[in-house]
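Notes follow the structure.
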Amino acid sequence: QQRDGPDAAATAAAGDDASSSTAALKVSMAKLLEMLESASGYVDSVVDGKTPPDDAVGRRIADTLGAVPRVRPDVFDKTFADAMQDMLMVTYLTNVTKTQLTIAEKLNETLGV
């Protein structure tokens, strides 16, 4: 199905916002995963006796993990999905408003108001 005019512009803009947000989220998640793997590797190495324990590093890891709230995966997934839906709705409404303003301006120009 092909869309014309303002509807196509609004849909494309909403898609651009969502895809840039999704890309930024993917990059952030990849960095977080890399840091978690690094910390996990260090802990495994200490537990296996390959690396001597460092109290300062251990405290930093414990403090960092203690600062992260414990959330069940199902609750996190629902909260994340709700927040994503809210963001997409705001983006959509913003683009609809911009489109309506553009149409109103063009009508005013055409009617000489």
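The values are calculated or read from the model by the stated rules, or taken from the named source; none is laboratory data. Small disclaimer: the values here were computed from a predicted structure and weren't measured. When we count neighbours, we look across all protein chains shown, and the Cβ atoms used for this are built from the backbone with ideal geometry, even at glycine. In case anyone asks, the SASA skips ligands and DNA or RNA and just uses the protein heavy atoms, side chains included. Shrake-Rupley method; radii C 1.70, N 1.55, O 1.52, S 1.80 Å.
Annotation note: Cβ proximity below 8 Å between a residue of the range 83-97 that is assigned to a helix (DSSP H, G or I) and a residue that is surrounded by 11 or more Cβ atoms within 10 Å (Cβ to Cβ) and not hydrophobic (A, V, I, L, M, F, W, C) (sequence gap 6+ or interchain) occurs for Met87/Ser21; Thr91/Asp17; Asn95/Thr11. What are the pairs with Cβ atoms under 9 angstrom where one residue, in the range 67-80, is modelled with pLDDT under 90 and the other, located anywhere, is part of a helix (DSSP H, G or I)? Sequence gap at least six, or different chains. Correct list of pairs: Val71/Thr79.
Every condition in (1) open to solvent by 60 Å² or more (accessible area, probe 1.4 Å); (2) touching a residue at least 12 places away in the same chain (Cβ under 8 Å) is met by Ile61 except one, and the failing one is (1).
Every listed requirement among (1) surrounded by 11 or more Cβ atoms within 10 Å (Cβ to Cβ); (2) under 30 Å from Ala24 (Cα atoms); (3) modelled with pLDDT of 90 or more; (4) of a type in the set (S, T, N, Q) is met by Thr51 save one, (2). Does Ala81 qualify as being within 17 Å of the chain's Cα centre (by Cα), among the hydrophobic types (A, V, I, L, M, F, W, C) and open to solvent by less than 80 Å² (accessible area, probe 1.4 Å)? Spelling it out, Ala81 is indeed within 17 Å of the chain's Cα centre (by Cα), among the hydrophobic types (A, V, I, L, M, F, W, C) and open to solvent by less than 80 Å² (accessible area, probe 1.4 Å).
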